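J.: Starting off with a structure, shown below.
The values are calculated or read from the model by the stated rules, or taken from the named source; none is laboratory data. These figures come from a predicted structure and were not determined experimentally. Please note: Cβ atoms are built from the backbone with ideal geometry, for glycine as well, and neighbour counts cover all protein chains shown. The protein model used for the area step is the full one, side chains on, heavy atoms only, and it has no ligands, DNA or RNA in it. Shrake-Rupley method; radii C 1.70, N 1.55, O 1.52, S 1.80 Å.
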Amino acid sequence: MTDSERAARSLYDILRQERAKGFDDSAVIGGLDAFLKRASSELGAVLDDIPTYGTLTPAERSDWADRAVEKIRERLSRNGRAPARSESAARPPKSEPSAKPRPRRRAPRAPLKMSDPVSAVKGVWKKNLSRLEKIGVTTVGDLVHLFPTRHNDFSSIRTVAELLPGDNQTAILTVWEASETMLGRQRSTQAVLGDETGNIRAVWFNNPWLASQLKSGAKVMLSGKVNVFMGSPVFQGPEYEILDGSDQAIHTGRLAPVYPSTQGLSQRVLRTIVKRALDLCLDQLGEFVPEGVLHRNGLIGRRHAVRQMHYPDDWDAFRAARRRLAFDELFLLQLSVVRRRLEWKERGGAVPLSFDPSALGSFLDSLPFELTEAQLQSARDVLTDVASDSAMNRLLQGDVGSGKTVVAVVAILAAVHSGRQAAFMAPTEVLAEQHYLTVCGLLGADMSDLSGGNIQRIEVAGLDRPLVIALLLGGHRKRAKDDLHSLMSAGMIDVVIGTHALIQDAVDIPNLALAVVDEQHRFGVLQRAALRGKGERPHVLAMSATPIPRSLALALHGDLDVSVIDQMPPGRRAIRTRFVDEERRAAAYAFVRKEVEAGRQAFVVCPLIDESEVIQTKAAQEEYRRLSTDVFPDLGVDLLHGRMSLQEKQRVMDGFKEGGTDILVSTPVVEVGIDVPNATVMLIDGAERFGLSQLHQFRGRVGRGKHQSYCLLLSESPGTEAMKRLKLLERISDGFSLAEEDLKLRGPGDYLGTRQSGIPPLLVAQITDQDILSMAHRESRRLLSQDPDLSRDEHRPLAQAFEQHWERSITEVS
Ligand code: ADP
Ligand code: MG
């Protein structure tokens, strides 16, 4: 088609519309004259008169249009391009939105493999390689598995007359004219397009080269939103597709994928190359889930699922695809988790531990409180587990202050009564120290005499010799550590409490039958395994105060049994929590003073300044000086920091416990594990620096007596994220709900993407996919009960996929 013919063809369509609208000069935005003027030289070759259309009456316009249309038909028919009289711009069917198929010669398909570098795909330019790498794409297979983050629903195809501002929608249009234009300071493209119901303008900012692509008369499909600009509708930066019949639409007129991207990598490029990768190698994607599993659960085939995940026919198809691919991820995860669990259960070889009921009774009687029903149930769970010769693998969950430690002590005593050793690992030195003190206390040690330092002997009811308990920290002197090591390997230590120092090579715990891991999520899988490896097959009790939702617990710890302490010791009251901004600091101090005057006590946690304990201690000393001399000169203020010796700490804590101290200032590293029912205020300075669970931990230090307690979150300039956390704390007092909210706030990435968890990140599945997760769990159990090693022929592809999947994650972990 020549330029003249193309212009004539456009005019033809415009005039048809003018006729439909009664020649009111509305078919072209801005009036037909603008078009006639611009196209005058091209049209001059076809028409002999071009009037000033705007000045004509409708009747005159009609006359002229009749003549013009006839001329155009004549001219175009010479080349066999005359529009049929009855032709209407009917909408092509949705599945093949192309106008007329025009066969295009294609290069023969290069045989591409999934493992080929992505540069092998046509259209992947060199400059895009590093950008692709940024989003994790280096091979062709990565492109195939680059799943969209969402889809734009452009499946609603409308005529111009039907377009509505604000909706995502698609129109199939003819280009009347397109030109480069300046919009603001940007060279851009502007086009006028239309169908039989009207015309519309489209603009593309900063995209001048598109003007030359949009030839007058060409059929295009535009998808996007329409705005009204000075009374006329305008497509602003729509996705577009030129319909020349050669390809399937991928940008418009359908559910169009939106990929995770990065600066400089346009969606258009991504769609194009992903589509090529799919066309070239999807056939190579094998099925690995056994037929029966697919069938039972109504899952679609893998190849189909991958294609539909990118280019779904409709939302139902997308859901089916997503369900299948999410299943794959969770199935591989559950296979591993269930397999570990089965092996663990069946292998036996653990030492059964028993706790004589009368000895247990006298221990419980010796406690200053009665266990809650939830604690008792957890203790029963634990004792049942350890009585077996298959090793316990139990997670004990309970909010801060719910009383997990005493349950651990029950397990520890079971080990000691059975003549075995127990180890208790905590994530920080301070926590280890505190556990050491707490456990000594619970076992009935005389806490006023800690002369034994890191090794204590404690008389325990029902045991014919003193129980020996030791504290092992990395920071201890080498001499002390060496001594402890040799005592342990000689079996002279019954219970050892410590940090990572416990899992060092030099540490030998020959009779280890129980390993307790506190705050287990703060250790990596390998560290937990290392502790476990210290004994033959020790029972393991993992504890966590960072409650994870049940769905997540199943995903992460399908290999663990879980006990939950979902009940607080009696008499605890909800703590009133308030955010206090810097301007009201004085008011916060006044509040502390008021409580102290009423006979209560308060904690003040210093702002987190630096990870270094030296600097932190200095800051705390400074804060202590300020508070004790400037703010509360008349009150009893004391200081606790991480660099004090164990005895010093004990002295300070005792002073507070006995009421000699009104206000205890402490560094944040001291997660004060003391129980002071008379303390009613927890003032956390610089609260924005702490995470949700740590703030919740601090808060758990008050509210343990009969008085109403308060937590003041002092913060100078919380950012939006921090403010969200502080607001959550104000609103929610229960740790489990807090964790659920936190999960929503931060997404599961923090739990799942982490190296810590030792599982590959989920790309499609979400932890909230409870149904798919249970399905995967059920099918894994079923499969492994029939073929524990996946060694059957029909399971070979599955075994392979399984290995590949986990190989990837192991390299990520180590
Ligand atoms: P966490 O679960 O946070 O580790 P702890 O084991 O440190 O909790 O217990 C918190 C406090 O509650 C401790 O001071 C402990 O002595 C006390 N405690 C534990 N169980 C009970 C109970 N049943 N009744 C009263 N106080 C309890
Ligand atoms: Mg604890």
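J.: Residues to consider are PHE327, PHE355, PHE363; find the one that is open to solvent by less than 30 Å² (accessible area, probe 1.4 Å) and within 30 Å of ILE772 (Cα to Cα). So that I can check it myself, show each step before the final result.
T.: On the way: PHE355 fails: within 30 Å of ILE772 (Cα to Cα); PHE363 fails: within 30 Å of ILE772 (Cα to Cα).
Within the list PHE327, PHE355, PHE363, the selection yields PHE327.
J.: Please specify each residue of segment 391-406 satisfying the condition of being away from ligand 2 (no atom under 12 Å from the Cβ) and either open to solvent by less than 20 Å² (accessible area, probe 1.4 Å) or touching a Pro at 6+ places or on another chain (Cβ under 8 Å) (or both).
T.: Of the residues in segment 391-406, the ones away from ligand 2 (no atom under 12 Å from the Cβ) are 391-395.
Once the filter is applied, which keeps residues that are away from ligand 2 (no atom under 12 Å from the Cβ) and either open to solvent by less than 20 Å² (accessible area, probe 1.4 Å) or touching a Pro at 6+ places or on another chain (Cβ under 8 Å) (or both), segment 391-406 yields ALA391, MET392, ASN393, LEU395.
J.: Working only within segment 365-408, note down all residues that are more than 9 Å from ligand 1 (Cβ to nearest atom) and in a loop (DSSP other than H, G, I, E, B).
T.: Selection gives ALA387, SER388, ASP389, SER390, ALA391, MET392.
J.: Within segment 677-701, which residues are of a type in the set (A, V, I, L, M, F, W, C), at pLDDT below 90 and over 24 Å from the mean Cα position of the chain (by Cα)? Explain how you work it out, then say what you get.
T.: Filtering segment 677-701 for residues of a type in the set (A, V, I, L, M, F, W, C) gives 679, 681-684, 687, 690, 692, 695, 698.
The next check asks that each one be at pLDDT below 90; those that pass are 690, 692, 695, 698.
The answer is PHE698, and nothing else.
J.: Against the condition farther than 22 Å from GLY441 by Cβ and at pLDDT 95 or above, how does VAL614 come out, does it pass?
T.: Numbers: farther than 22 Å from GLY441 by Cβ: yes; at pLDDT 95 or above: no.
So VAL614 fails the test.
J.: Can I ask one more? Going by what's in this entry, would ARG296 be described as open to solvent by 20 Å² or more (accessible area, probe 1.4 Å), farther than 30 Å from LEU784 by Cα and basic (Lys, Arg)? Please lay out each step first, then the result.
T.: Numbers: open to solvent by 20 Å² or more (accessible area, probe 1.4 Å): yes; farther than 30 Å from LEU784 by Cα: no; basic (Lys, Arg): yes.
When the stated conditions are applied, ARG296 does not pass them.
J.: While we're on this one: Looking only at segment 272-293, which residues are touching an Asp or Glu at 6+ places or on another chain (Cβ under 9 Å) and either among the basic types (Lys, Arg) or open to solvent by 40 Å² or more (accessible area, probe 1.4 Å) (or both)?
T.: LYS275, GLU291
J.: Against the condition touching a residue at least 12 places away in the same chain (Cβ under 8 Å), of a type in the set (Val, Ile, Thr), closer than 24 Å to MET492 by Cβ and within 14 Å of ligand 2 (Cβ to nearest atom), how does VAL409 come out, does it pass? Explain how you work it out, then say what you get.
T.: On the way: touching a residue at least 12 places away in the same chain (Cβ under 8 Å): yes; of a type in the set (Val, Ile, Thr): yes; closer than 24 Å to MET492 by Cβ: yes; within 14 Å of ligand 2 (Cβ to nearest atom): yes.
Yes; evaluated as a whole, the condition is true for this residue.
J.: Looking for something among the small types (Gly, Ala, Ser), within 16 Å of ligand 2 (Cβ to nearest atom) and either closer than 19 Å to CYS606 by Cα or open to solvent by 20 Å² or more (accessible area, probe 1.4 Å) (or both) - is there at least one such residue anywhere in segment 715-728? Write out each step before concluding.
T.: Step one: filter segment 715-728 for residues among the small types (Gly, Ala, Ser), giving 715, 717, 719, 722.
Add one more test, that the residue is within 16 Å of ligand 2 (Cβ to nearest atom), and what stays is none.
There is no residue in segment 715-728 that is among the small types (Gly, Ala, Ser), within 16 Å of ligand 2 (Cβ to nearest atom) and either closer than 19 Å to CYS606 by Cα or open to solvent by 20 Å² or more (accessible area, probe 1.4 Å) (or both).
J.: Here's another thing I want to ask about it. Can you find even one residue in segment 120-127 that is loosely packed, with under 14 Cβ neighbours inside 10 Å, of a type in the set (Gly, Ala, Ser) and modelled with pLDDT under 85? Don't jump to the end; show me each part of the working.
T.: Quick first cut of segment 120-127, residues loosely packed, with under 14 Cβ neighbours inside 10 Å only: 122-123, 125-127.
Subsequent filtering for residues that are of a type in the set (Gly, Ala, Ser) retains 123.
Narrowing the set further to residues that are modelled with pLDDT under 85 leaves 123.
Within segment 120-127, one or more residues are loosely packed, with under 14 Cβ neighbours inside 10 Å, of a type in the set (Gly, Ala, Ser) and modelled with pLDDT under 85.
J.: Which one of ARG584, ARG593, ARG578 is of a type outside the set (Asp, Glu), assigned to a strand (DSSP E or B), open to solvent by 50 Å² or more (accessible area, probe 1.4 Å) and at pLDDT 90 or above?
T.: On the way: ARG584 fails: assigned to a strand (DSSP E or B); ARG593 fails: assigned to a strand (DSSP E or B).
Exactly one residue qualifies, and that residue is ARG578.
J.: Another question about this same structure. Got a number for residues in segment 93-119 being among the acidic types (Asp, Glu), open to solvent by 50 Å² or more (accessible area, probe 1.4 Å) and modelled with pLDDT of 85 or more?
T.: We begin by selecting, within segment 93-119, every residue among the acidic types (Asp, Glu); these are 96, 116.
Narrowing the set further to residues that are open to solvent by 50 Å² or more (accessible area, probe 1.4 Å) leaves 96.
Pick out the ones that are also modelled with pLDDT of 85 or more and you get none.
Qualifying residue count for the region: 0.
J.: So, in segment 1-56, how many residues would count as being open to solvent by 20 Å² or more (accessible area, probe 1.4 Å), closer than 19 Å to LYS215 by Cβ, of a type in the set (A, V, I, L, M) and free of Cβ contacts under 8 Å to residues at least 40 places away in the same chain?
T.: The total comes to 1.
J.: So, one more: Kindly evaluate ARG339 against the criterion of being open to solvent by 40 Å² or more (accessible area, probe 1.4 Å), under 27 Å from PRO569 (Cβ atoms), away from ligand 2 (no atom under 16 Å from the Cβ) and assigned to a helix (DSSP H, G or I).
T.: no
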